[in-house]
Structures are given as structure tokens and as C-alpha cells.
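The values are calculated or read from the model by the stated rules, or taken from the named source; none is laboratory data. Just so we're clear, the structure is a prediction, and the values are computed from it rather than from any experiment. All Cβ positions, glycine included, derive from the backbone under ideal geometry; neighbour counts span all protein chains shown. Quick note on the areas: whole protein, heavy atoms, side chains included, nothing else; ligands and nucleic acids left out. Shrake-Rupley method; radii C 1.70, N 1.55, O 1.52, S 1.80 Å.
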Amino acid sequence: MLVRMLPGAANTDLLAESIVRGIADDHDIRLLVLQVIHETVSTQAHMYAERLDEIAASVRKVQATKLSPKAVSQEIEKHHAILKSSVSVLVALEPVAKAATSPSAEFDKLLAEVMDSSNGELSVYYKELHSQG
């Protein structure tokens, strides 16, 4: 409920900045940011459209994190969850990117890379999340 009230009560520049930073933050923060995106994307599409390049850079940073060769199963599971949540951000904002009056080359490029079937687990996550609607 609080998230739905947020856009009307919050400074959208600060909200957008927090979202961009939150995407590259800890996994728990990213999940909260993802919830905010889902709750506000229909009312704040213009805000997201203006920040697609920054969002893409944050998502790319998350996807560039490497798993330690000595990782234990818990760390591997968390890493997969982190990658899936980063793809979730792209899926949530894909309609905004398609409708944007000024397309974001960075967002579009990243989305194409994720959708590419040779991209392994990222493309699997994309297909799974996209099919869930």
C-alpha cells in the first residue's frame, strides 16, 4: 500500500535516483526496488523512460558480478537469484522502453543481449519471466 502512495508523495527525481542505485545494491534491496518498479511503472513510466540508460548500466553491473570458483551451494543459489532479479528489472521496464519517445540504446542493447539464446541462463530467466507476464 505504501508503495502505491509513494509516487504522489515523493520527489520523483529522488525516487528515480534511489531506484537506479538500488538495482545495483544488495539482493534484498534489489527485490524491494523491483517491487517499487512493479507498483509504480504504470503511473511513473515517464520517470523510468528518462532513466533507462542509467537503469541499464546498473543492471549490467549486477550481471557482471562473478561467482567465486570456491562458492558453496548457498552462494551459487544466491548468485542465480541475483541474476534472475536483474532480468526481472528488464522485463518490468521493457514496455516502458518500447513506448519511450526517445529510445535508450543502452537498455535496448542490454535487453537484446539478455534475450539472445546463446546467453545461457539470462535468456532462460528472460523467457521464464516473460511467460509469467
**OP:** Quickly run through region 1-25 and pick out the residues that are modelled with pLDDT of 75 or more and open to solvent by 40 Å² or more (accessible area, probe 1.4 Å).
**Re:** Thr12, Asp13, Leu14, Glu17, Ser18, Arg21, Asp25
Original post:
Just checking, which of Ser131, Ser123 is within 19 Å of Gln35 (Cα to Cα), assigned to a helix (DSSP H, G or I) and of a type in the set (S, T, N, Q)?
Top reply: Ser131
**OP:** Consider Asp28 carefully, then state whether it is surrounded by fewer than 13 Cβ atoms within 10 Å (Cβ to Cβ), in a helix (DSSP H, G or I), without any contact (Cβ under 8 Å) to a residue 60 or more places away in the chain and charged (D, E, K, R).
**Re:** yes
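Quick grid of which residues meet (1) without any contact (Cβ under 8 Å) to a residue 24 or more places away in the chain; (2) closer than 18 Å to His27 by Cα:
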position: Val62; (1), (2): no, yes
position: Ser68; (1), (2): yes, yes
position: Gln74; (1), (2): yes, yes
position: Lys78; (1), (2): no, yes
position: Phe107; (1), (2): no, no
position: Ala112; (1), (2): yes, no
position: Val124; (1), (2): yes, no
position: Leu129; (1), (2): no, yes
Original post:
Can you name the condition, by its number, that Leu90 falls short on among (1) open to solvent by less than 30 Å² (accessible area, probe 1.4 Å); (2) in contact (Cβ under 8 Å) with a residue 40 or more places away in the chain; (3) under 17 Å from Glu54 (Cα atoms)?
Top reply: (2)
Subject >> Test: residue in region 63-72 that is assigned to a helix (DSSP H, G or I), charged (D, E, K, R) and surrounded by fewer than 19 Cβ atoms within 10 Å (Cβ to Cβ) >> reply: no
